[in-house]
Amino acid sequence: MSKRLLIFGPPAAGKGTHAKRLAGELRIPHIATGDMLRKAIDEGTQFGRHADSFIRRGELVPDELVMALLQERLAKPDALQGFLLDGFPRTISQARALDARMGEQDEAIDAVLALEAPIEVLVKRISGRQICAGCGAVFNRFFRPAKLAGRCDDCDGALTQRSDDGEAAVRQRLEQYRAVTTPVLAFFQAAQWPVHAIDSVGDVDEVYGRLRRAVVD
Ligand code: AMP
């Protein structure tokens, strides 16, 4: 069974939601660079403050910062037997660095799960997205509304919008994805990392089933 996996796709394609579930099922760590950066911001470290200025504008955080974070995480014992990377690599140089690391360890990426969705769906998902400040659960005003408006169903925490889900930052994130991140797919193909295109439109369980079939069955 595939154990070294990447989940790839535009903002709001559902990477985080599906990655959490798949990593749990496969018992491998879910390593999401966006989550790691947000944690550094919440902790108020110098590194976090620096990253925050890029994230708020919807820009990519510089490669060397993200690489340092990721190399440290991949060296932890729980990642030695497998991992699911979410939101990384997002640039060709990040992909090269990952490829070099895999080569040094005599390992390979077993599968790239490339989620796809039309831009109108992404924009609607982002504009409705609400995150619980308490437990991080994700709701959506259009697709998965909380039972009580503004409060989390699971822990009653306050629902908030991500700092980079405002209109200007979203436009910038989509543009960065188009211009800088989509070319990384060609790198995966050249490196012979198997790419599975997954249609991410539809019911969450249905999409998860498509994703699961690509790596589990
Ligand atoms: P995400 O949670 O994956 O949507 O990431 C949120 C934001 O964190 C992105 O818009 C970027 O500003 C930053 N970020 C996350 N992962 C990376 C990465 N691999 N390279 C550069 N910036 C990243």
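Pairing residues of the range 188-217 that are free of Cβ contacts under 8 Å to residues at least 24 places away in the same chain with residues that are assigned to a helix (DSSP H, G or I), at Cβ distances under 9 Å and at least 6 apart in sequence or on separate chains, gives G202/R210. The condition of being aromatic (F, W, Y), within 16 Å of the ligand (Cβ to nearest atom), surrounded by fewer than 17 Cβ atoms within 10 Å (Cβ to Cβ) and modelled with pLDDT under 95 does not hold for F142.
Within the range 192-202, is there a residue that is assigned to a helix (DSSP H, G or I) and touching a helix residue (DSSP H, G or I) at 6+ places or on another chain (Cβ under 6 Å)?
Start the filter on the range 192-202 by keeping residues that are assigned to a helix (DSSP H, G or I), which leaves none.
No, that holds for no residue.
Given the conditions (1) within 27 Å of G166 (Cβ to Cβ); (2) open to solvent by 10 Å² or more (accessible area, probe 1.4 Å), report the number of the one that K76 does not fulfil. It is condition (1) that K76 fails. Run R27 past the list (1) within 8 Å of the ligand (Cβ to nearest atom); (2) surrounded by fewer than 19 Cβ atoms within 10 Å (Cβ to Cβ) and report the number of the one that doesn't hold. R27 satisfies every listed condition except (1). If the condition is being open to solvent by less than 60 Å² (accessible area, probe 1.4 Å), in contact with a strand residue (DSSP E or B) (Cβ under 9 Å, 6 or more places away or on another chain), under 27 Å from K3 (Cβ atoms) and away from the ligand (no atom under 12 Å from the Cβ), then the range 154-193 contributes L185, F188, W193.
For the range 91-100, the criterion of being open to solvent by 50 Å² or more (accessible area, probe 1.4 Å), touching a helix residue (DSSP H, G or I) at 6+ places or on another chain (Cβ under 7 Å), touching a residue at least 12 places away in the same chain (Cβ under 8 Å) and in a helix (DSSP H, G or I) is met by at least one residue. Set side by side, the residues R38, R90, R49 differ, and just one is near the ligand (Cβ under 10 Å from one of its atoms) and at pLDDT below 95, which is R38.
Close contacts from the range 17-35, counting a first residue that is under 16 Å from A111 (Cβ atoms) and assigned to a helix (DSSP H, G or I) and a second that is within 16 Å of the ligand (Cβ to nearest atom) and acidic (D, E), with Cβ to Cβ under 6 Å and a gap of 6+ residues or different chains, come to A19/D86. Screening I7 against (1) in contact (Cβ under 8 Å) with a residue 12 or more places away in the chain; (2) in a helix (DSSP H, G or I) leaves a single unmet condition, (2).
The values are calculated or read from the model by the stated rules, or taken from the named source; none is laboratory data. The model shown is predicted, which means the values in this text are computed figures rather than measured ones. Virtual Cβ from ideal backbone geometry, glycine too; neighbours counted across all protein chains shown. These accessible areas exclude ligands, DNA and RNA; they are computed on the full protein's heavy atoms, side chains included. Shrake-Rupley method; radii C 1.70, N 1.55, O 1.52, S 1.80 Å.
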